[in-house]
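Comments concern the structure below.
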Amino acid sequence: MIQNIENIELQFLTINDYQELKQAMIEAYSNMPNSYWKESHIQSLITKFSEGQVVIKVNDQLAGCALSIIVDYDKFDDHHTYKEITGNYTFDTHNKDGDVLYGIDVFIKSEYRGLRLGRRLYDYRKELCEKLNLRGIAFGGRIPNYSKHSELLSPKEYIEKVKRKEIHDPVLNFQISNDFHPSKVLKGYLEGDEASNEFAVLLEWDNVYYQKHVSKTFTKKKVVRLGLIQWQMRLYHNLVELMQQAEYFVDAVSAYRSDFALFPEFFNAPLMADDNHLPESEAIRELAKHTPAIVQKFSELAISYNINIITGSMPELKDDFLYNVGYLCKRDGTTERYEKLHVTPDEAKVWGMQGGKNLKTFDTDCGKIGILICYDSEFPELSRILADEGMDILFIPFLTDTQNGYSRVRHCAQARAIENECYVAIAGSVGNLPKVHNMDIQFAQSMVFTPCDFSFPANGIKAEATTNTEMILIADVDIDLLRELNQFGSVRNRRDRRTDIFELKKITPNDV
């Protein structure tokens, strides 16, 4: 390793660097004949894509280099060769409108190894990929020690042993440590690479910030503001009065430019007071008659206040069966329905409620969200399926009468945030309804949970309301932080699942 370093500088490659570059390549690939690029090749790369060609200099001496092009990756087979990806070494495959940054070459001179200069070159490529909004980086990585093991190991077996640190491969080990993941073995990739038996590993890095180009005007928000309503149970004379109170809260959270308003489970229960003389199972069915009007009003509020409203939950009759359901009323005027899948023993025994069958994520202008009603949050399979479908935020409207019940929802919700690497927002009701049977006293503390890693609160709590007090809770959540966590977190719960030993799948209602 070189001593007495005065400066290290990353620069764009110029044709004036060619002679120094040529000598460095001859040394770096001494076991491969004619392994250096001709001056015309370098000039072509600089002309076509100057940003993709960089050198790193130590004390003004060339120490390493990285060359790359942009390709329309779908035009190439996953089992392509180096000759094919470079257009027979002409680089005519470079396409400024492509979607993948393809690595042509990267090397560090032997006397400069150990200074982590290669990491700087890879970091530059990642930054360039993000800057140009490309979906990722790909390249064929040599496995120069494979020839020593080829009689006993297949390329796949060799790669697995390298990953387990049973075999040292200087190139593959380094690339894996820089967050590139092996995806395929490429046979006959680089002509003359005898050390690798002409095998290579297709290595990829995904740009978590990539935004697919769309033809319509549409911008998906990255920082999303949540408005949680901690609803006070009180008696109302009629539906109009109840919805006036609901509009008051929608107005309040939208005034803070919230993207979502979350109401609690059964927030409309006070309307059962007029039917308190009826058996509980009949009173809840009378309450269900208000549901269509409530959904219609919430949809109007979503449009007029420019906010997505999650209506908590309400009873609903369908084919004479009683369900606990809610609606996502979007600010574009559309509505979508969700169901409580697991009804509590009390809901089944006292009200005769049925569990729903539909589980899905919802596309919004703030990304994919999931909604689970209260008890459903205590079944981790549901949120894991939603996470697999791309959920970033999980909303949980709940209703709990005791602190015990609340603690179950709260701790399970926080676990869902950690294990699925997503945000979780819970909103409940407080107070009491002495004139409504089977409603008792409510206990709640609305909260927003995050994963537990360096970019998030150490305790995993983004915001929390005051216990058992009517109020709103506003919190911002950054979706980009989730993307970074998925890729670079201290632990990666979603990526590290052992799907080789267990399987989780959703059965659609038609399959039941």
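Counting only residues that are modelled with pLDDT of 95 or more, part of a loop (DSSP other than H, G, I, E, B) and over 16 Å from the mean Cα position of the chain (by Cα), region 407-436 holds 1 of them. Exactly one residue out of 125, 120 is in contact with a Ser or Thr (Cβ under 7 Å, 6 or more places away or on another chain) and either part of a loop (DSSP other than H, G, I, E, B) or in contact (Cβ under 8 Å) with a residue 40 or more places away in the chain (or both): that is 125.
Could you check region 132-157 and list, in sequence order, the residues that are within 19 Å of residue 190 (Cβ to Cβ) and either touching an Asp or Glu at 6+ places or on another chain (Cβ under 8 Å) or assigned to a loop (DSSP other than H, G, I, E, B) (or both)? 137, 138, 142, 143, 144, 145, 146, 147, 149, 150, 154, listed by residue number. Within region 300-357, the residues that satisfy the criterion of being without any contact (Cβ under 8 Å) to a residue 12 or more places away in the chain and in a loop (DSSP other than H, G, I, E, B) are 319, 320, 334. Here no strands (runs of 3 or more DSSP E) wholly within region 358-406 include at least 3 residues being outside the structural domain of residue 442 (by TED's automatic domain parsing) and buried (at least 18 other Cβ atoms within 10 Å of the Cβ).
Residue 267 meets the stated requirement of being buried (at least 18 other Cβ atoms within 10 Å of the Cβ), of a type in the set (Phe, Trp, Tyr), assigned to a loop (DSSP other than H, G, I, E, B) and at pLDDT 95 or above.
For residue 456, the conditions (1) assigned to a loop (DSSP other than H, G, I, E, B); (2) in contact with a helix residue (DSSP H, G or I) (Cβ under 8 Å, 6 or more places away or on another chain); (3) closer than 27 Å to residue 349 by Cβ all hold with the exception of (3). Taking region 16-111 as the region of interest, the strands (runs of 3 or more DSSP E) fully inside it that hold 1 or more residues being surrounded by fewer than 18 Cβ atoms within 10 Å (Cβ to Cβ) and among the polar types (S, T, N, Q) are 61-71.
Please find, within region 461-501, the residue that is nearest to the chain's Cα centre (by Cα) out of those that are of a type in the set (Val, Ile, Thr) and not in a strand (DSSP E or B). Going through the qualifying residues, I end up with 479.
The values are calculated or read from the model by the stated rules, or taken from the named source; none is laboratory data. The shown structure was predicted, so the numbers you read here are calculated from the model rather than taken from an experiment. Backbone-built Cβ (ideal geometry, glycine too); neighbour counts: all protein chains shown.
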